[in-house]
Amino acid sequence: MDKIILHCDLNNFYASVECLLNPDLRELPIAVAGNKENRHGVVLAKNELAKSYGVKTGDVIWQAEQKCPGLRVVPPHYDHYMKYSDEAFKTYLQYTDMVEAFGSDECWLDVTGSTRLFGSGKQIADAIRARIKAELGLTLSVGVSFNKVFAKLGSDLKKPDATTEITRENFKSKIWHLPASDMLMVGKKTSEKLKKLNIHTIGDLAAADEHLLTSHFGVIGKHLILSARGEDSEPVRKAHISREVKSVGHGMTAVRDITTLEDGEALIFYLSDLVATRMRKQRLKGSGVSVHVRYADLSGVTKQAVVPPLNTSDHITKAAFELYKPLAIGRVVRAISVAVYNLCPDEFVQTSMFDVTDTKSERLEKAIDKIRSKYGKSAINRALLVERDFIYDKTDGEDFLPFKR
């Protein structure tokens, strides 16, 4: 028997919450955007009115204002978004315990075992939409299908405030004519590569040669074909089971361009400190470090290396800076990201009895963690970061988007 999967997508989520917080915005075209002062002035969300003028998520503010001269730009309020997100999540849990978050505004629900209590998949979807509208004042688009990929496609097909069913009987006529880029897992770069292989639609993808795609995309190629054919079988996880952490990372667009290695090292240390703190909190170590650099012309490059298991800012900084130097010499850098991967629980890492440096470094940073947890992050800091005017406080919440529960 087929599963019954819903994909629930809160419409224009950030912008819709802003209109609830300030009803005067409801009749205006609005965009929620980051801080222009910190060069984060891009559109994070827009309402239907702004959308009708062509405003898109990811537009720089001045681009959005050119498209829509009367656009009202408002700053994000992530604490409120999370409150509404949590309330929606609680509603979903009243229909099934198999609820998997996909960002703050999207969730998959497996309601296969709930139909005797609540009716068909469409009836459950319509009931949830009605409750979200009545209880939270938000609208919801829901896709109903027999797998996760098609359920997500369904929620995207009709917005706002709609239920769309994609069944085994209608999926070929309903979605195979759509661009391949509409399907989950097909990002911009993958879409461009597929077009070069003369694969433009989801139907083209379903009919593609498996050997051809695996030669270009590896195992992902086979998974793309299976998904386009409706053969995706990935289960919806229960609400209490979180996604396996593959890496821990942070990135920042500097307030001004970075032109010296010294400034680059300072920003890398700042990011590494955030990464190391999170890793220790989760009791993880990692044996791979990667650095992504975005230049002033918005091009970017990533470099990575395998390292001995680590979770201290000093060691992460050292490894990341060695990767960064050849990428930055003679270039103007706009943004840097640092990540640690190949993660494992720190108790599984075997250390040498002769290497006391790592132990001292870990003890020092754990002591710093305790001081910060008691007196705040600014209670103790490194001299390296003093008077670095291109770094702003990442704990202001702007970069910690509520994508994970």
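The values are calculated or read from the model by the stated rules, or taken from the named source; none is laboratory data. What you see is a predicted model; the values in this text were computed from it and never measured. Here the Cβ is made from the backbone with ideal geometry for all residues, glycine too, and neighbour counts use every protein chain on show. Note: areas computed on protein heavy atoms with side chains; ligands, DNA, RNA excluded. Shrake-Rupley method; radii C 1.70, N 1.55, O 1.52, S 1.80 Å.
Considering the stretch 259-277 alone, what residues qualify as being of a type outside the set (Ser, Thr, Tyr) and more than 14 Å from residue 320 (Cβ to Cβ)?
Listed by number, the residues that qualify are 262, 263.
Given the residues 184, 194, 153, which is the only one that is in contact with a helix residue (DSSP H, G or I) (Cβ under 7 Å, 6 or more places away or on another chain), closer than 30 Å to residue 217 by Cβ and assigned to a loop (DSSP other than H, G, I, E, B)?
On inspection, the qualifying residue turns out to be 184.
May I ask you to list the residues in the stretch 53-90 that are in a helix (DSSP H, G or I), farther than 19 Å from residue 17 by Cβ and open to solvent by 80 Å² or more (accessible area, probe 1.4 Å)?
Scanning the stretch 53-90 gives 62, 66.
Go through (1) open to solvent by less than 30 Å² (accessible area, probe 1.4 Å); (2) over 17 Å from residue 139 (Cβ atoms); (3) of a type in the set (A, V, I, L, M) and name the single condition residue 50 misses.
Against the list (1) open to solvent by less than 30 Å² (accessible area, probe 1.4 Å); (2) over 17 Å from residue 139 (Cβ atoms); (3) of a type in the set (A, V, I, L, M), residue 50 comes up short only on (2).
For the stretch 248-256, does any single residue satisfy the condition of being out of contact with any Lys or Arg (no Cβ under 8 Å at 6 or more places or on another chain), open to solvent by less than 40 Å² (accessible area, probe 1.4 Å) and closer than 24 Å to residue 332 by Cβ?
Yes; the residues of the stretch 248-256 include at least one that is out of contact with any Lys or Arg (no Cβ under 8 Å at 6 or more places or on another chain), open to solvent by less than 40 Å² (accessible area, probe 1.4 Å) and closer than 24 Å to residue 332 by Cβ.
How do the pairs read when you match residues in the stretch 6-33 that are crowded, with 19+ Cβ neighbours inside 10 Å with residues anywhere that are basic (Lys, Arg), using Cβ under 6 Å and keeping only pairs 6 or more apart or on different chains?
7/152; 11/159; 15/46; 19/26; 30/72; 31/46
Within the stretch 185-230, can you find the residues that are touching a Gly at 6+ places or on another chain (Cβ under 9 Å) and on the phi > 0 side of the Ramachandran plot?
none
Would a scan of the stretch 94-103 turn up a residue that is among the charged types (D, E, K, R), surrounded by 14 or more Cβ atoms within 10 Å (Cβ to Cβ) and either assigned to a helix (DSSP H, G or I) or at pLDDT 95 or above (or both)?
no
For the stretch 244-314, which strands (runs of 3 or more DSSP E) that fit wholly inside it have 1 or more residues that are of a type outside the set (Phe, Trp, Tyr), out of contact with any helix residue (DSSP H, G or I) (no Cβ under 7 Å at 6 or more places or on another chain) and touching a residue at least 60 places away in the same chain (Cβ under 8 Å)?
247-258
If you take the residues of the stretch 197-224 that are among the hydrophobic types (A, V, I, L, M, F, W, C), open to solvent by less than 40 Å² (accessible area, probe 1.4 Å) and in a helix (DSSP H, G or I), which of them is modelled with the lowest pLDDT?
217
Can you tell which of 227, 191 is open to solvent by less than 70 Å² (accessible area, probe 1.4 Å) and in contact (Cβ under 8 Å) with a residue 60 or more places away in the chain?
Values: 191 fails: in contact (Cβ under 8 Å) with a residue 60 or more places away in the chain.
The match here is 227.
Collect the residues in the stretch 10-29 that are in contact with a Cys (Cβ under 9 Å, 6 or more places away or on another chain) and charged (D, E, K, R), keeping them in residue-number order.
Matches in the stretch 10-29: 26 only.
Is there any pair linking a residue in the stretch 126-138 that is closer than 17 Å to residue 26 by Cβ to one that is surrounded by fewer than 16 Cβ atoms within 10 Å (Cβ to Cβ) and of a type outside the set (A, V, I, L, M), with Cβ under 6 Å and at least six apart or on different chains, and which?
136/87
State which residue is surrounded by the most Cβ atoms within 10 Å (Cβ to Cβ) when the search covers only the stretch 151-186 and only residues that are under 20 Å from the mean Cα position of the chain (by Cα) and not aliphatic (A, V, I, L, M).
Selected residue: 155.
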